Structure formats: structure tokens, C-alpha cells
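Only one structure is covered here, and it is reproduced in the block below.
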Amino acid sequence: MTSKPIFQDRIDAGLALCQHLQHYKHVDGIVLAVPRGGVPVALPVAGILQLPLELILSKKIGHPMHKEFAIGAVSLTGQVLSPNAFASDEYIQQETLHIRQQLRAMYKKFMGNKQPTPIKGKIVIVIDDGVATGNTLLSTLEMIKKEGPKKLVIAVPVASKQAAQKLSEVVDEFVCVWIPSHFRSVGEFYSDFTQVSDEDVITMLTPPK
């Protein structure tokens, strides 16, 4: 099979993903979208499975001497550190507070005053628009696990072979529509891979009146 686009756009990819997630319809669960690209993929999934849709927000902690190099990650409620973080406790504490402030502001912008739903004991389905390496998601999944979900599922329309293997080992179920033999970027499998704006996310997360 060629590596031509197989999804029209992210909504189309979400509809394709739904076909592989029917066994989660009406369960005691929640769909967590990785913003921003994961939101339009997760929207039809949450609608068809009749599950609540929320965001999973996390951000890496950069090394004090090289900010692009991740030594850990922070979410609204959790934190993970790499075993060889090589940074002072004071630095990690300050960065955690600073990142959490940014995440709270982001959450408020997207979700308003709605409190995040506790995920303890629930089936949690994490959705993104695709995975190239899986490294960013790994720390997010580790933080979700600390909150005690009943089952943790990753669902993506497309993933590289290495990401699929890596993520399959750390979740209860890895669901993917297409794992191509040749993978350069997530966007190559979409006809329309336009960047999702903050306004798009807010519109998608606002319940109809």
C-alpha cells in the first residue's frame, strides 16, 4: 500500500478510529484528547461512544542548561522525572510550579470552570492525531497511571512501527487504524492537516445549547 493520505482530515480519522473502539460504548470511562490536534479526532469518538470528552494537559520539564532536553513532565495533578534528571530539587520545584500555572491557564481557556473528572477506576482512552516517536506520550501515560484508572487505552489513527511497539508495552490496549511500513510524519497521512487553533478547540469542547 502506498503512503498517500488515508484520512481526509482529523474528524474523518476519528470516525475511522471509532470502528475499532465500539467495545467501549457506554462504559464507565472518559476520552482524553491531547491538544490541540487530538481534539477533532476525539470529538466523534466521544460522541459515538457516548463518553465525556476532556483534555489531557502536560508539558515537559527542560534541563536547566538545555531547555529542549526533557528531564521530566508535569500535568495538572502529576509529575514524572527521568531517573537521571541531573537538576536540583529547587529547580525542579520552581519549574513544576511555573509549568502548572501555564497548564491551569490553558485548561481554564479551553474548559472554563469545569473541574477535571477524576479518572480513578475508569476506562481512560487517550487520543491524539498520530504518533511519530511516542516519547512525549510516555510521560503523560505514566502520570495517568498514577491516578489509578481501571484500564488505560491509547487510540490513534496512525503511528510509526517504533511508536506502536513502545506504547503497546505501557498501556492495556493500543488501538491504531494504520501502522505504515514507511513513516516520515503524521501529516503525510492526512489530505488536510491544518493546524488546530485554540478557538477551534474551545468550539469543539463547548456543549451545544
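The values are calculated or read from the model by the stated rules, or taken from the named source; none is laboratory data. Note that this is a predicted model, so its numbers are computed, not measured. Note: ideal-geometry Cβ built from the backbone for every residue, glycine included; neighbour counts use all protein chains shown.
Quick check on the stretch 62-79: of everything there that is of a type in the set (Val, Ile, Thr) and under 17 Å from the mean Cα position of the chain (by Cα), which residue is nearest to Ile144 (Cα to Cα)? Ranking the qualifying residues of the stretch 62-79, first place goes to Thr77.
Looking at the stretch 76-106 only, could you name the residues that are of a type in the set (D, E, K, R), surrounded by 13 or more Cβ atoms within 10 Å (Cβ to Cβ) and closer than 18 Å to His66 by Cα? Talk me through it step by step, then tell me what you get.
Here is the first cut: in the stretch 76-106, the ones of a type in the set (D, E, K, R) are 89-90, 95, 100, 104.
Imposing the further condition that a residue be surrounded by 13 or more Cβ atoms within 10 Å (Cβ to Cβ) reduces the set to 95, 100.
Residue satisfying the conditions is Glu95 alone.
Yes/no matrix, rows are residues, columns are (1) within 20 Å of Lys60 (Cβ to Cβ); (2) modelled with pLDDT under 95; (3) part of a loop (DSSP other than H, G, I, E, B):
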site	(1), (2), (3)
Phe110	yes, yes, no
Gln115	no, yes, yes
Ser139	yes, yes, no
Ile154	yes, no, no
Cys176	no, no, no
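In the stretch 1-28, the qualifying residues are those that are of a type outside the set (Phe, Trp, Tyr) and crowded, with 22+ Cβ neighbours inside 10 Å, and the one that is farthest from Asp129 (Cα to Cα) is Leu17.
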